[in-house]
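The values are calculated or read from the model by the stated rules, or taken from the named source; none is laboratory data. Fair warning: this is a prediction, and the values are worked out from it, not measured in the lab. We place every Cβ from the backbone using ideal geometry, glycine too, and count neighbours over all the protein chains shown. SASA here: full protein model, heavy atoms, side chains in, ligands and nucleic acids out. Shrake-Rupley method; radii C 1.70, N 1.55, O 1.52, S 1.80 Å.
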Amino acid sequence: MNLSGIFAPLTTPFAADGSVALSLLRENIARYNRTRLAGYAINGSTSESVLLRWDEVYRVWETARDASAPGKILIAGAGAESTAESIEHANRAAAQGFDAALMRTPSFYKPAISTELLEEHYLRIADAARIPILIYSVPVFTHVTMAAPLVARLARHPNVVGMKDSSGDVKGIAEIIAASPKDFQLLAGASATLYESLKAGAVGAILALACAFPDLCVGVWEAARTGDAALAESLQQRLMAPSKMLGVEYGIAGLKYALDQLGYAGGPPRPPLLPVGESARRAIDAMLATVASATLTHR
């Protein structure tokens with residue numbers, strides 16, 4: 001499996017009654033199909049995964065699979081706190097035709113989470129899953145970090161094909177890549193350090209910003225791949241303001257508002273998350289105008 005490229009972790013649109021708006025998801029995917037994105041991750045943190053019921057997730061998976069263009073790689077967010085449930089979801093994703101399953105670290109019983117626990121959890125999943133597994137490290141939410149020696153041991157399992165590392169720690173990413181087998185594929189998850197992660201050896205990225213700026217994110221990856229450092233650094237710089245604003249500052253609610261302004265179906269987040277307020281909307285509007293102006297100038 002070749003995971004090189006940029007993947008969008010698709011947002012989940014909701015209807016006015018709070019239900020999942022599958023028709024709007026199809027419309028978003030139809031538009032993404034015309035971009036150079038390598039594929040989509042469905043039911044990750046950007047999808048509001050912890051706010052979806054699993055029966056909703058399965059319908060979202062089916063919709064995304066049917067709407068995706070041929071050749072787009074499909075990654076299913078299938079992780080759960082329970083090892084057994086994670087295996088169940090991975091095999092459901094396999095049955096639905098997904099290419100890989102993204103497995104977040106368990107995190108609820110934090111005092112009990114150890115290297116040994118994580119290793120056993122992932123090895124059991126990898127043994128039982130009928131689909132390739134990607135480790136998912138997202139310490140900003142889980143407060144669990146996957147260290148390089150642990151990842152390197154897991155990477156030797158034939159069914160653990162790669163990892164999404166959303167830490168933004170480029171040094172840590174480099175250490176994981178250096179310690180792991182050469183065919184282990186690391187995908188970055190932090191847009192602010194995309195180019196640095198690619199220079200460190202990441203094969204691509206799964207980026208929330210790719211939902212709003214797919215061509216810009218792909219541009220950084222393509223420039224890095226061809227060795228055009230000046231272009232890659234220029235495009236990376238244009239990612240910095242939206243990365244901060246739609247990540248740390250306003251999160252998923254801000255991203256979904258930005259999608260609305262860009263012609264996608266964003267809509268409100270699911271409670272308890274709240275929509276962005278008026279001051280945030282003004283700030284996002286100004287940022288979008290700046291990015292659009294820079295895009296026109298670059299062209």
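With respect to the conditions (1) in contact (Cβ under 8 Å) with a residue 24 or more places away in the chain; (2) open to solvent by 20 Å² or more (accessible area, probe 1.4 Å); (3) closer than 28 Å to Leu117 by Cα, Ala192 lacks only one, and its number is (3).
What do you reckon, is Val170 more than 14 Å from Tyr136 (Cβ to Cβ) and either open to solvent by 20 Å² or more (accessible area, probe 1.4 Å) or among the polar types (S, T, N, Q) (or both)? Against the criterion (more than 14 Å from Tyr136 (Cβ to Cβ) and either open to solvent by 20 Å² or more (accessible area, probe 1.4 Å) or among the polar types (S, T, N, Q) (or both)), Val170 qualifies. Which one is nearest to His143 (Cα to Cα), of the residues in the range 84-94 that are in contact with a helix residue (DSSP H, G or I) (Cβ under 7 Å, 6 or more places away or on another chain) and open to solvent by 20 Å² or more (accessible area, probe 1.4 Å)? Once the filter is applied, the top-ranked residue is Ile87. When Leu207 is tested against (1) within 13 Å of the chain's Cα centre (by Cα); (2) surrounded by 23 or more Cβ atoms within 10 Å (Cβ to Cβ); (3) farther than 19 Å from Leu37 by Cα, just one condition goes unmet, and that condition is (3). Scanning the range 1-18 for residues that are in contact with a Gly (Cβ under 6 Å, 6 or more places away or on another chain), farther than 20 Å from Leu194 by Cα and open to solvent by 10 Å² or more (accessible area, probe 1.4 Å) returns a single hit, Phe14. Summed over the range 95-141, residues that are open to solvent by 10 Å² or more (accessible area, probe 1.4 Å), among the hydroxyl-bearing types (Ser, Thr, Tyr) and under 22 Å from the mean Cα position of the chain (by Cα) total 2.
The numbered conditions (1) surrounded by fewer than 18 Cβ atoms within 10 Å (Cβ to Cβ); (2) on the phi < 0 side of the Ramachandran plot are all true for Ala21 except (1). In the range 30-58, the residues that are open to solvent by 10 Å² or more (accessible area, probe 1.4 Å) form Cβ pairs under 7 Å with partners that are among the hydroxyl-bearing types (Ser, Thr, Tyr) and not in a loop (DSSP other than H, G, I, E, B), at six or more places apart or across chains, as follows: Asn43/Ser49. Sub-6 Å Cβ pairs linking a first residue in the range 262-280 that is in contact (Cβ under 8 Å) with a residue 24 or more places away in the chain to a second residue that is open to solvent by less than 20 Å² (accessible area, probe 1.4 Å) and part of a loop (DSSP other than H, G, I, E, B), at least 6 apart or interchain, are Ala265/Pro13; Gly267/Pro13; Arg270/Glu48, ordered by first then second residue.
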